[in-house]
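Bear in mind that the values in this text are calculations on the coordinates, not laboratory data. This structure is a prediction, so every number in the text was calculated from the model and none was measured. Quick reminder, even Gly has a Cβ in these numbers, built from the backbone with ideal geometry, and neighbours come from all protein chains shown.
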Amino acid sequence: MTANQSCYGVLGQGSIPPQFVYFLLRDAILRLQANTHGSVFDTITRATFNSVSAVRPGSAVMISFGEVVTPLMDRILANVEESRTLAATRDLLLPKLMSGELRVQTAERAVEAVA
């Protein structure tokens, strides 16, 4: 992996919800990658963004899209965070349970205290 000054943040203008921009870019990634250039490694420049076209629905459609998708994206984020917490808890408790350092009943009480 490499990083350089070609790091872009893309925001929608006006009433374009960020979720719409996310899915628009997600869809355009392959086209953006096909238009990269560079001598050391492939680079996406501002000109690369100009080479990709997309359909732009009306503001009402984009706002409705945002209203429908926002709770779904929020739930996905909450699930990812919960999954990370559960994995960290597992990684903490499993070695102690396997070694006998911690017993199941003790671990259950510890988890209940955190929850």
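Annotations for the structure displayed:
- Mean sequence separation of contacting Cα pairs (under 8 Å, at least six apart), scaled by the length of the chain, corresponds to a relative contact order of 22 percent.
- Span-like helix ranges in the chain, DSSP H, alpha carbon extent 27 angstrom or more, Kyte mean at least 0.0: 59-99
- From the coordinates shown, P(r) over Cα pairs in 5 Å bins from 0, in percent corresponds to which of (i) 2, 11, 23, 25, 22, 13, 4, 0; (ii) 2, 8, 13, 13, 10, 10, 10, 8, 8, 8, 6, 3, 0; (iii) 2, 12, 21, 20, 15, 10, 6, 5, 3, 3, 2, 1, 0, 0: (ii)
- Placed amide H near residue 43: partners under 5 Å, 5+ positions off or other chain: 37, 38
- Around the Cα centre of the chain, unit charges on the Cβ atoms of Lys, Arg, Asp and Glu (plus for the first two, minus for the last two) sum to a dipole of about 200 debye.
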